[in-house]
Every structure is written in C-alpha cells, then in structure tokens.
Amino acid sequence: MALITQSGTAASAAKAAHDARQLAMPVVAIGVIIAVLYFGRVFFITSVVAVIIAFILEPFVVLLTRIRFPRPLASFVVCTVALLFLYVVGAGAYSQLAVLMGDLPRYGERIGQIVEGVQQKVADAEQQTWRLLAPNKPPPPPQPQPARGGKRSKTQPPAAAQPAVIPEVRIHEERTPVADFVSANIGSFYQILLTASFVPFLVYFMLSWHDHINRSFLQFFHGEDRLVAARSLQGVAEMVRAFVVGNFVLGFLLAVSSSAVFWMMRLPYPMLVGPLSGFLSLVPYVGLPLAMVPPLFSALAINRVPVYAGVMGVVAALHLAALNLLYPKVVGSRVHLNPLVVTFSLMLWGFLWDAPGLLLAIPMTAAIKAVCDNVKGLRPIGKFLGD
C-alpha cells in the first residue's frame, strides 16, 4: 500500500514538473523574442521599412514588366523615380525651412510675449483668489520676474562696487541651438543615416529578385502548407499596401486641402505647415492636437485671435471629415483591427522601437492578422485581432 502511495506521489510530482516546463517554455520564448526585437531594433526597423516600400512599389514594377521591361531594369527605374520624388519633396521642405529659420527670432519674441502674458494672468488670478479666501489679510507681494535678455529687475538693489578687473578676451564661434542639438545627438543621426543608406539597396534587390525570393520561400513548405504560405504572403502584401497607400493618399488629400486653405487665409509658410498638419492628422488618438501645432505656430506672425480660431476650426473640420468619411472607405475597408488591439500594438511597438515603432505598429499588426486569417490553426487569433 505504501509503495502504491509513493508511486502515485512520484507520478503527481512528475506531472507537475512537466506542466511547469510546458508553461515556462512559451514564457521564455516570448521573453527571448522581445529581447531580440529590442536589441536588434536597428536591423529589424531597416528590414521592415524596406519590405513595406517594396510592397508599395511592386505594382509599378509589374506594370513595367508587362510592357517588355526586364525586371531588374524595371526595378531600377521605379526606385530611381521614387528617390527623385523624395528629393523634390525634401528640396521643397528645405527651402521653406531655410526661410523659417530666418524668422525664428521674431517667433521667439512673440512666444516670450505670450508666456509673459500668461504669467501675468496667473499672478492676477492668484491675487484675486487670495482676496476671496482671506479678505482680511493683505495678499503676498508678487515675486519679481527677471526681464528677458538676462537684464536685472528694477526692484533689485544695485550691486556693490567692485574693483576694476582687466577683462579677459576670448575669441569663440557663436553656436546656434540647431548646431548644439546636432552635436549632442550626432551618434543618433549617424545611426539613422547609416540605416537609411541601406534601404534603397534592400528595396531594389527585393524588387529585382522578387520571383526568386517567392519561389525560395515557398520551398520551405510542402503540399497544402505551400498554398497556405502563398495565400498568407499575398494577404500580407495586400494588407500592408492597402494601409500604407491608403494613409498616404488620405494624408496627401489633407495636405493639399490644408495648404490651399492656409494660403487663402494668408498664413505664413502654407506649403510647409499644410503637409505637416495633414500627415500629423493621421496619427492615432493624438492626431487632432498634433495637426494644430504647425499652423498655430505659423499664425504667431499674424497675432490675431480670429486667425487662431479659424486655424483650429479648419484643422478640426478636415480631421473629422477625413477620419469619419474618407478613412473607412480608403483604409478601413481593407484593414480590420479593433481599437483595443491598435492601442496595445502602439504601446508594445512604441516601447520596443520608439518613434519608428509607433509608425510601423499598425501595418505590422495588420500583417500578423493577415497571416492568422490564412492559417487554419491561427484563425481564432485573427478574429480576436479583427473588428
């Protein structure tokens, strides 16, 4: 009887150890995957960006191959045209930024005036609150605010006379805030430039070797699994292309509309603040306040309350019209993700990859959903991710 009891206890302990190992293995695997994604984020971000761009440019390469272009030549032509487009857009933005840099002192002075006005109103509110709460006690004297430019306040006593000291003369080059920011983040800029330099080559090779890559990838699967892999790959391409192209078209429409309205309102730099406001409007959850920042900053040069109100009304109207009328037709008809999954994906990928993770979170999650929808064993996960 004792032997039977001991054997039963040993079997229970062995089963508990087996269950613990089965539970620990997925947890360890998830931890390893998160660590690899975090520490290898430069490699993965570069690869994902190149894959997304290749998915976007693939239809143009196919169009050229249909008119007897060899695929390597078609890929080269499409990549060259895309780079020229980016160069034209960058040159236009640089010309606008160069003019804006010359006007920054005026904007800085206006911002200083606004800050001083807000501080004065806060001080007045504190005085009124003191009078209401303690009418029989005199309010505390306001704290003297130092004048802008580093000048001493008039309420400060004069400094004691100091013996004359021969001043030391040093010649140094005056540095701008932009130069200080670049020098402080030179390592990050170098990493970004190094990463960006690989993207055109990766995109070209992915496009020119598209057929070979597809055939080689499908060789890893056999029978019905090969068909599932082909459908999954096609679904990922369509899902990512629909999301990125749809957002680009929507952002382009918002940019053109915003620039036209800002130009009619005689807002400074409409060709710069219009596209910035239009594309920032597409950021999930915080798109509306972000889209208001560039035109409101530009409106500081006019300094009129009706202009501020008009800018806020225009940006809000365009944002609401785009996300409620155009977004469901242009993007939402192909990309079905529920809001909870979108929120968690933004949090996760933003934590792992910072700002690039926020930009790539939704297309990568949509691609995962496309794979789950085509794999029979993963379809419950696809339904969970969907709306």
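How high is the FRET efficiency from Lys329 to Phe39, r the C-beta distance, R0 41 Å, rounded to 0.05? Write out the running numbers ahead of the final one.
Values: r = 40 Å, r/R0 = 0.99.
It comes to 0.50.
Treat the count of other C-beta atoms within 10 Å as a stand-in for reagent exposure and order Lys329, Lys383 from fewest to most.
Details: Lys329 10, Lys383 13.
Starting with the residue having the fewest Cβ neighbours, the order is Lys329, Lys383.
Between Tyr269 and residues 5 or more places away or on another chain, which pairs have amide H atoms under 5 Å apart, with H built 1.01 Å from N, and which residues are they?
It is none; the list stays empty.
Between Val28 and Tyr107, what is the label-to-label distance in nm when each label sits 7 Å out along the Cα-to-Cβ direction?
If labels sit at Val28 and Tyr107, their model points lie 5.4 nm apart.
Report the Cα-based extents of segment 29-105 along its three principal axes, largest first, to the nearest Å.
Sorted largest first, the three principal extents are 53, 49, 14 Å.
With a sphere of radius 12 Å drawn around the Cβ of Ala301, what net charge do the other residues whose Cβ falls strictly inside it have (Lys, Arg +1; Asp, Glu -1)?
+2
Given a Förster distance of 56 angstrom, what is the FRET efficiency for Met264 paired with Phe69, based on the Cβ-Cβ distance and rounded to 0.05? It would help to have the intermediate numbers written out before the result.
Numbers: r = 43 Å, r/R0 = 0.77.
For Met264 and Phe69, the calculated efficiency is 0.85.
In sequence order, what are the phi-derived ³J(HN,Hα) couplings for segment 302-311 according to the Karplus relation 6.51 cos²θ - 1.76 cosθ + 1.60 with θ = phi - 60°, rounded to whole Hz, with x for glycine and proline?
8, 6, 9, 4, x, 5, 4, 5, x, 4
Once the piece of chain linking Ala321 and Ala91 is laid out straight, how much longer is it, given 0.36 nm per residue of separation minus the C-alpha distance between them?
Values: separation 230, 0.36 × 230 = 82.80 nm, distance 3.04 nm.
Separation in residues times 0.36 nm, less the Cα-Cα distance, equals 79.8 nm.
Can you tell me the length gained on complete extension of the stretch Phe201 to Thr129, counting 0.36 nm per residue apart and subtracting the Cα distance?
Details: separation 72, 0.36 × 72 = 25.92 nm, distance 6.48 nm.
Full-extension gain reported as 19.4 nm.
Going by C-beta contacts inside 10 Å, put Thr365, Thr9, Thr65, Thr46 in order with the fewest on the left. Intermediate results must be reported in sequence, preceding the final value.
On the way: Thr365 22, Thr9 10, Thr65 15, Thr46 18.
Sorted ascending by nearby Cβ count, the order is Thr9, Thr65, Thr46, Thr365.
Can you list the HN-Hα couplings for segment 346-361, worked out from phi with the Karplus curve (6.51, -1.76, 1.60; θ = phi - 60°), rounded to whole Hz and with x for Gly and Pro?
Result, rounded to whole Hz: 5, 5, 5, 6, x, 5, 6, 10, 6, 4, x, x, 5, 6, 9, 4.
Can you divide the C-alpha Rg of segment 235-333 by 2.2 N^0.38 Å and report the result to two decimal places?
1.12
Taking the simple approach of a point 7 Å from Cα along Cα-to-Cβ for both Leu84 and Ile114, what is their distance in nm?
Distance between the two pseudo-spin positions: 4.1 nm.
Over segment 336-387, consider all pairs of different Cα atoms and compute the Kirkwood hydrodynamic radius from their mean reciprocal separation; express it in Å, one decimal. Numbers along the way, then the final one.
Details: mean 1/r = 0.0912 Å⁻¹.
Evaluated over segment 336-387, this radius sits at 11.0 Å.
Could you work out the local net charge near Val342, counting Lys and Arg as +1, Asp and Glu as -1, over the other residues with Cβ closer than 14 Å to its Cβ? Write out the running numbers ahead of the final one.
On the way: positive: Lys369; negative: Asp387.
That sum, taken over residues with Cβ under 14 Å, equals 0.
Please compute the modelled spin-label separation between Gln191 and Thr343, points set 7 Å along Cα→Cβ, answer in nm with one decimal.
3.0 nm
Which residues does the label zone of Asp211 cover in segment 63-93, counting backbone N under 14 Å from a point 7 Å along Cα→Cβ?
Under 14 Å, as judged by backbone N against the label point of Asp211, lie 63-75 of segment 63-93.
Computed from the coordinates by the stated procedures, all read-outs in this text should not be read as laboratory data. Every value quoted in this text rests on a predicted model; they were computed, and no experiment measured them. As a convention, Cβ positions derive from the backbone with ideal geometry for all residues, glycine included, and neighbour counts pool all protein chains shown.
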